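Laboratory data are not the source of any read-out in this text; all were calculated from the coordinates shown. This is a predicted model, so every value here is computed, not measured. Backbone-built Cβ (ideal geometry, glycine too); neighbour counts: all protein chains shown.
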Amino acid sequence: MKTTTCVPLFRLSARSVNSIRMLNKDYQHPKLGPFVQAAPVLENPFTSDPILPRALKRLLPNSEYNSVATDLSNFGQRIVKEVDALGLLAERDPPRLEQFDAWGNRVDNLIVTPAWDKLKGIAAEEGLIAIGYDKSRSAEARRIHQFAKLYLFHPSSGLVTCPLAMTDGAAKTISELNLGDKFPDLKEAYNRLTSRDPKHAWTSGQWMTEKAGGSDVGGGCDTYAVPVDEVNHKLSGYKWFSSAIDADMTLTLARTVQDGKAVSGSRGLSLFFLRLRDQATGKLNGIQMLKLKNKLGTKQLPTAELLLDGVNALKVSAEGRGVPSIANMLNITRVHNAVASASSIRRVVSLARDWSTRRVAFGNKLVDWPLHLATLANLEILARGTLLFTLESARLLGRFESGEASAEEIALLRLITPILKLHTGKVCVPAISEGIECFGGQGYIEDTGIPGIMRDAQVTAIWEGTTNVLSLDILRVFKTTKFAAFEAFVNRISGIVTKAKSGQNEKVVQAGTSLEKAFTQLVSTLKAAQKDPQFPANLQRGARDIGISMGNVYTGALLVEFAAHAEATPVDADVASRYCVEQQLLTVSAASFDATRNDVEKNIIFENYGKSKL
Ligand code: MFK
């Protein structure tokens, strides 16, 4: 008789055989499945952060560090116990607009979840704006402490950090205007915006965006201001994208009408202050809330289209100086934006790190799979870099505002603000996407609270200036400072490289050498571009590559500086080395400025589209 040997299609491992035996012996049909996955745990975001406490220790004067660390540690605890749950509630119960009451009266009633108001109260109580304006503090401490605290707060804040950013920007703009004596309203506004008393504190809006102008504010602003007298005006227009409209006041731009005419372009814009509600009646000040925006993310945030119809407002800038006046606000909100991007990376990495110790797949905890470790390590490096870059900006801002910054530091701050915003907004989206993937399908499930991190991160590359608008701002800084800001950048990076290369740690020396190579190439590429007869026209097409490359180089330098410190850990050296030696820091090259590519690119984009439409 012929015998046949059956070859199994796959061989069962010893572990699978055992589990089949177990099933055969103890089998009971579990209705829901007996396995429950342990969820990732949110740890105190201050004490569990691998570098924030150490970075602060280095940046803050000794006299400040202990009290700041205690405050942040306590706040971190409050975030875990109280704030994070409120933030999730705000996401789950988004704002609604009730325009009419049951009888047909126009009411424009904005309904926000109590969690939102509670979070705003906590923000005031914790001094999230006030700390930045505490003149009794040292130059660095006020802004570093404030932004470190916002870094802890943002991922749990239910996006209350958006009105906080605008509130900070408004406080800064008002203080720069220095008109408190002339305008009691501005004095009151400043006191309330920087108050720690939730009952007294205000938040501000920042109404710049109109239907025809998001980035191009000067070209698109169609709001008109009819003078009542030299200061008081009646504003009419349509504000297309107005964030956090539960604010108490706002700063906005409008064109003054004189003899029935208004100046076009940004030179025709002035800055106006207004309260959203009449002080006596509590009714809206000539404002109609037309529609809440239906956005990809930031759903917690009441963002609206507003019709201004005879709004009482005060002109607070010189005529035609609206854009440069509100730019003070932009430069502050851009740092807040970086805090949002950087802290969102940290949050997803922190949860993924914890989850890697709880989740078992293919017989091992995730932490025991080298492939998973490699993925997480890359994210951790990004989290560290974006934090250090944000703190650098906060440090310079504090020095500038306290009058202690040198001319070189002032120029550097102006230059790195758009670079920081651009860099962090750009890297956070893919990083958070990768971080979410670390949770497998669970990262895609709303109940976990994880997908919201992704949704809310996407906007950080858009609002407060898209990547391209910020790239153009970098060129604006080159021009307005006659490249002094670029020289300041060169000096700061060179200083770090020189120090790192003179140290004993081989990895740090290697990282410094690698950084120097990229940095030298960046400088020579820019200098060559400057010699081009078509400069500066051709510089524009390379602006994004300049911004991205400068952001990468600056981040690398800060990681190297951190690793070169006397109290650095071996991990700091590994991180700096991974970032500077193994990663491609430059996207800029001669091709970035090559105008012959314009037509090629047009052809690539519009093939089979129809030339007549161009
Ligand atoms: C959790 C984080 C939350 C973050 C908060 C989110 C709240 C959301 C609210 C919003 O999204 S508000 C909308 C944000 N909109 C923007 O960010 C607008 C983006 N567009 C730009 O930034 C354009 O570059 C800009 C409108 C400034 C261009 O305006 P112009 O008038 O075409 O520019 P121009 O002529 O170069 O500059 C006019 C003046 O402003 C010049 O000064 P001078 O008149 O003295 O020469 C510039 O130097 C000055 N300027 C422009 N940008 C500046 C600046 N000065 C200092 N810093 C800047 N960034």
Alpha-carbon Debye profile of the chain, log10 I(q)/I(0) at 0.09, 0.11 Å⁻¹: -0.78, -1.12
Extension gain from ASN74 to ARG277, taking 0.36 nm per residue of separation minus the Cα-Cα distance: 69.5 nm
Sequence-distant aspartates and glutamates (8 or more away, or on other chains) whose Cα lies within less than 12 Å of LYS315: ASP185, ASP229, GLU230
Separation between Cα centres of region 403-469 and region 483-519, rounded to whole Å: 25
Top positive-direction residue, dipole computed over the chain with Cβ charges, set ALA457, GLY220, ILE129: ALA457
Fewest-first ranking of VAL429, VAL367, VAL316, using other Cβ atoms within 10 Å as the exposure measure: VAL367, VAL429, VAL316
Candidate lysines - alpha carbon under 23 Å from LYS611, same-chain residues fewer than 8 apart omitted: LYS602
Distance violations [Cα-Cα > 24 Å] among LYS234/LYS295; LYS479/LYS527; LYS172/LYS299: LYS234/LYS295; LYS172/LYS299
P(r) weight above 20 Å for region 478-614, C-alpha pairs, percent: 53
Label-to-label distance, nm, for residues given as ASN608 and VAL107 (7 Å Cα→Cβ offset): 5.5
Neighbour-count order for VAL263, VAL36, fewest beta carbons within 10 angstrom listed first: VAL36, VAL263
Taking VAL112, VAL107, VAL575 and counting other C-beta atoms within 10 Å, the order from fewest to most: VAL107, VAL112, VAL575
The chain, helix-only ellipticity at 222 nm - DSSP H runs n ≥ 4, -39,500 (n - 2.57), divided by all residues, nearest 500: -17000 deg cm²/dmol
Karplus 3J(HN,Hα) series, Hz, for region 34-50 with 6.51 cos²θ - 1.76 cosθ + 1.60 (x for Gly, Pro): x, 8, 10, 7, 5, 6, x, 9, 7, 8, 3, x, 8, 6, 8, 6, x
Set of lysines with alpha-carbon distance to LYS507 below 27 Å, sequence-local pairs under 8 removed: LYS57, LYS499, LYS517
Estimated dipole of the chain in Debye, rounded to 20 [Cβ of Lys and Arg +1, of Asp and Glu -1, Cα centre]: 1120
For region 204-323, radius of gyration divided by Kirkwood radius, i.e. Rg to Rh on alpha-carbons: 0.96
Spin-label model distance (nm) - ASP197 vs ASP222, 7 Å beyond Cα toward Cβ: 4.4
Förster-model FRET efficiency, 41 Å R0, PHE483 and ASP309, C-beta, rounded to 0.05: 0.30
